[in-house]
Every structure is written in C-alpha cells, then in structure tokens.
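Novice: Pasting a structure here, questions to come.
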C-alpha cells in the first residue's frame, strides 16, 4: 500500500499543522490587519503595522538591542563554553561525569528560577552580592545589573551556556584521540596543538552551538522580561506588551513575525556558510 | 654502542605490569618489530619511546643520550599511528609540511621536501586533496610521508597496516620495506600480525605479558623458537612426543607415524590436514602440486626430518 506511510504519519502531521502551521499563518495574517484604540481589530489587508515597525526608530532600537544582546551572548558562550568543553573532555572518568552533570544540571531547572537567582544576587541594594560589596567597602553603590543590557547578557549567557558546551563536546568526541599526539610528535607545543589542530576541527561544533545560542538568545523571553523588565525591552518582550498590555495584536504580530523571519534568515545563512566551508573537510 | 637502547624498561598501571623489564638494542638503520598478541605491552613500549607514556622504571637511550629527559615534542621521531591521525582540516601538502613548519624550515625548502617525500610514497599528484578524499591506502602513505619528511632519527610504526584490506596490506608491506631501505631510517614496528613482522623486519621481538620471549631474526625465530609461546605465535606448530614440528615439514610417506585423516581442507595453494595419530592430533600442510592427495578417513603415515 503506497498510502500507508502517509496515513500513518497523518496524526503527527495533523498535530504539527494544528499547533504550528495554522497559528503561524494566522499570526502572519494578523500582522496585516488594522487596529484602533476604540474599534479594536479590523480584518482588512493593510501595510500599516509593517510600515510602522520598519520605519519607526523606536522599533529599530528594539531590534538593534535584541540582536546586539544575542550577539554578545553568543560570543561570550563561545569564549567560555568551548574551553569548558575541552577541559571537560580531558577529565578522567569519575570527574568527567560529575562535571558534565554540573554543567547540564541547570537545564533541569526552570529558566525563570535561574534568572531570579541573578536578580536575588544583584537586584538593587538588597541583592546579596551588592550588599556584600557595599559592606566590604568594595563598591559605594549597588552594581548596575538590573534593567541593564549587561545584566541581560550575563544572565542569558549563563542560561544558554549548556547548549554551547554540548555542541562543542559532541565535536570533540569525534576527534581522533591520537591526533594531538601526532602533532606533538611533529614538534608542536601545547598552544600550537590547540590553535592549529584542535580548534579548526571543533570549529563546526562551535558554529552550530553559536547558531543555537544566537537563536535562543534573540527569541528569549523570560530572562529579558525579569532582568530587563519594561525599562529595557527586546523584541520578544515588546511583542508580549503589544499583545497583552496595549492590546494592539496586529502590531505585536508584525514584531513577532519580523523577529521570526530575521532569525530564520540568520540561522539558515550561517548554516549554508558552515556547510559550504566545511563540506570537503568533514564528512 | 647500539643506536637505540631500551634497558630494563617497565611500565605498571596500578598492579598490572604492561611492560616488565624489557631490554633491547637496535642498531642504526635496523628494522625491528615488536610482535605479540593484544595486551602484550608492545604498544605501551612504543608510546614510551615516543614519550606519550612515562615509564615506571628503566632507561631509554638514543645515540647514547637519555631520551626520557627530552620532551615528546623535541624527540624528533616520526610516528605513523594505527588510525593515521591525519589532520582532516589540512591538505595532504599541509599535513606533510606541518612537521617542517614546526622546525621553522623556510616555505620554499618545505615545498621541495614535501614534494620529494610525496613522490617517494607515490602521492606526488595528491598534494591539494584533503585526507577524507583519499582511500585508506593513500591516507596511510600520507601518514608515512608526514613521519618521514622530518628526517626522523627513528620511525615508529603503530600497526600501520591493520586498517587496510588483505591484498592492499601485502602490497604496502613490500613498499614499506623498499621505502625503509631507501631512506635507511631506523624503524620500530608494532604489530600483532606475525606474517607482517616476518616480511618486514631484520629482527623480531616476540612479546608476551610485558616480556620479550625471544629477540631474533625472523627465520631464526621461526626455525628455533625459544619458547612454546613463540613457536605457537609464529605460525602453526605440532607438539609430537615433546618435540615441536612445523606442519609444512611433515610429509605423507610409506612408513612413519601411522594415523587417520580426520579433516582435509583445500586452501588453494596448499592442503590443510588434521590427522589422528597415537601421539594426538597432528596438523599437516602440503603444497598443492596438482597430484592426488589422501582423502578424509584414509590411513596415512607421517614422516619428518630430524632437523626440525
């Protein structure tokens, strides 16, 4: 029976269509509707929302901030996560498992809880770390953390780091265990081995980790909502506000769809680049 | 004084003695094989020479100097790994040139030497390829070229042919021997394949449980095995009335040890027999000369020369 495989995947397809495709299509459609303070949503086809999102400097700032934060988070995660994965990979058997758990453990805890932890440590003058710093005389006023880009970047990096470690770890596992010895025997010092032999081979892992972290950072909601609040909005919190506070659903939909399109373009482009760059080198 | 000397070399992992008091002298230009089953300590020995494993006792001297005092990166040894360990992100030429680059050889001279060495291993036309675009045999040659181009004092080969199929392996054995003769580099080969060790080496070190059972030229080790382990490991052997007799030395004769053919297996260039005799089961190998041979169930008489 030719149709059997299709029939068998029908429930999954129906679910996918029901919870992803249809709402997405409706959101796209919604972004072309009109909205007014007193008339509500009008199901017409206009470009008003898109024009506003694309021309108003307020939205430029918002999207600029979103991608700036995502970029910094990705960079930090790569700079910290790649060495972390390398060290982890070199650990001996009982420690390796233990520290892998330490690194991946936070994934089991809700993002909200982890972010609130940062808020408790640095939240204004009542934050634990801030209190300690002031009492020790190391700082005269609380460190600016809440409602700052730095705060959002630090908290997001912490939240998303495991994804980078996992991606780099996976590519380190594929490394020939003798390859470092081969380079050493040819006269390479430890730093040269890392830079010339190990790093180029885990680069695809770092890049795929970067794609994941960037996408998650740019679309993150809970962390910017808690640390950035209403004062420091990013695209996702902006869309949320348009939907639930201003009740301007069409404008919120335009923001959400623009974020989605931009992310898909960036992720797809990076993937193409990585694949083309490494196609002949790695299987 | 010998070129490379291992003196009472030992390595223990916890209570397990991987290498147990190995003493070996290798002359300049010699090809020596460390032969033994897995876990006999041959690879550990190689890694101690290379510097990747620290010995727990004993000494290694190269040209009269203490090699253990030299860092692995400064030993100047050429190593071919079982997995080849080629750098996948570098071209063939970059792989081979890496060692020269580390030595600070100028780019122009590097190119010349890389070209020469690749010609030597028959890969002159493949400089711009990446390792994964090459066959297993070709990758093996790149690994050999990469080890030879730095003009190493010693060439260490760690089961270099074990990832190749049988036919390619035989061809590479002949080629490897020719290349080694051409460049004259002192070579240590680690292998579990007795045919490979015998085909390539000037001398064989047969190892078992971390010890050298016998150190001798291949022919001598085969003809006069020092221990029962060596006799068994270097090809098939029969123990008849306490004496060790190679299967190919036994002939079917008019008189001699009487027996019944239990199994007869045809293997192309030879016949493999198992004969029930009063002294137990005896293995006999006879050349296939095209003549009629005894069949299963036949009564035969076995005879062999006193020399064996």
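Only the coordinates and a few stated rules stand behind these numbers; no lab work does. On a predicted model such as this, the values are computed, not experimentally measured, just so you know. So basically every Cβ, Gly included, is an ideal-geometry build from the backbone, and we count neighbours across all protein chains shown.
Novice: Sequence gap at least 6, Cα distance under 8 Å: using those rules, report the relative contact order of chain B to the nearest whole percent. List each step's numbers first, then the result.
Specialist: Working: 601 pairs, mean separation 54.9, N = 308.
Relative contact order for chain B comes out at 18 percent.
Novice: Next question. Report the FRET efficiency, 1/(1 + (r/R0)^6), for residue A:173 and residue B:276, where r is their Cβ-Cβ distance and R0 is 56 Å, rounded to 0.05.
Specialist: Result of the calculation: an efficiency of 0.55.
Novice: Using Cα-Cα distances under 8 Å and only pairs 6 or more residues apart, what relative contact order does the stretch B:1-58 have, in percent?
Specialist: Values: 83 pairs, mean separation 22.8, N = 58.
Contact order relative to length: 39 percent.
Novice: Would the protein assembly as shown count as rounded, prolate or oblate if I go by the C-alpha gyration tensor, calling it rounded below 1.5 in a/c and otherwise prolate when a/b exceeds b/c, oblate otherwise?
Specialist: Verdict is prolate for the protein assembly as shown.
Novice: For chain A, set up a Gaussian network in which alpha carbons nearer than 10 Å are linked by springs, and say which option among A:238, A:247, A:273 fluctuates the most.
Specialist: A:273
Novice: Whole angstrom only: what separates the Cα centroid of the stretch B:5-38 from the Cα centroid of the stretch B:58-102?
Specialist: Between the Cα centres of the stretch B:5-38 and the stretch B:58-102 lies a distance of 19 Å.
Novice: Starting from the Cα of residue A:265, move 7 Å in the Cα-to-Cβ direction to define the label point; list residues of the stretch A:192-224 whose amide nitrogen is under 19 Å from there.
Specialist: So the set is A:211-212, A:214-220.
Novice: Taking the alpha-carbon centroid of each part, what is the distance from the stretch A:138-163 to the stretch A:35-49 in angstrom?
Specialist: A separation of 39 Å, based on Cα centres.
Novice: Report the calculated FRET efficiency for residue B:174 and residue B:260 (r = Cβ-Cβ distance, R0 = 51 Å), to the nearest 0.05.
Specialist: Calculated value: 0.80.
Novice: Once the mean 1/r over all distinct Cα pairs of the stretch B:153-308 is inverted, what Kirkwood radius in angstroms do you read off?
Specialist: Kirkwood radius, the stretch B:153-308: 17.8 Å.
Novice: Viscosity 1.306 mPa s, temperature 10 °C: Stokes-Einstein D of the stretch B:81-197 from its Kirkwood Cα radius, in µm² per second?
Specialist: Result for D is 110 µm²/s.
Novice: Decide, for the stretch A:6-117, between rounded, prolate and oblate: order the square roots of the alpha carbon gyration tensor eigenvalues as a ≥ b ≥ c, take rounded if a/c falls under 1.5, and otherwise choose prolate if a/b is larger than b/c, else oblate.
Specialist: Note, shape of the stretch A:6-117 comes out oblate.
Novice: Quick check: the distance between the Cα centres of the stretch B:106-182 and the stretch B:233-308, to the nearest angstrom?
Specialist: With the stretch B:106-182 and the stretch B:233-308 each reduced to a Cα centre, they are spaced 42 Å.
Novice: Looking only at Cα atoms, what is the convex hull volume of the stretch B:4-229 per residue, in Å³?
Specialist: Cα-based convex hull of the stretch B:4-229, divided per residue, equals 125 Å³.
Novice: Given a cut-off of under 8 Å on Cα pairs at least six residues apart, what relative contact order in percent is computed for chain A?
Specialist: With pairs under 8 Å counted, the relative contact order is 26 percent.
Novice: For the Cα atoms of chain B, what angle does the longest principal axis make with the long axis of helix B:107-120, in degrees from 0 to 90, nearest 10?
Specialist: The helix B:107-120 is inclined about 10 degrees to chain B.
Novice: Residue A:87 versus residue B:285, label points 7 Å from Cα toward the beta carbon: distance in nm?
Specialist: It works out to 5.7 nm between the two label points.
Novice: Computed over the Cα atoms of the stretch B:237-303, what is the convex hull's projected area averaged over all directions, in nm²? Mind dumping the intermediate values first?
Specialist: On the way: hull surface 16.4 nm².
Taking the Cα atoms of the stretch B:237-303, their convex hull projects to 4.1 nm² on average.
Novice: With a ≥ b ≥ c taken as the square roots of the eigenvalues of the C-alpha gyration tensor of chain A, please select rounded if a/c is under 1.5 and otherwise prolate if a/b is larger than b/c or oblate if it is not?
Specialist: Numbers: a/c = 2.16, a/b = 1.28, b/c = 1.69.
Note, shape of chain A comes out oblate.
Novice: Based on the Kirkwood radius over alpha-carbon pairs, what is the Stokes-Einstein translational diffusion coefficient of the stretch B:211-259 at 10 °C with 1.306 mPa s viscosity, in µm²/s?
Specialist: Result for D is 132 µm²/s.
Novice: Rounded to whole Å and ordered largest first, report the semi-axes of the equivalent ellipsoid of the stretch A:171-270 derived from its Cα gyration tensor (root of 5λ).
Specialist: 45, 14, 8
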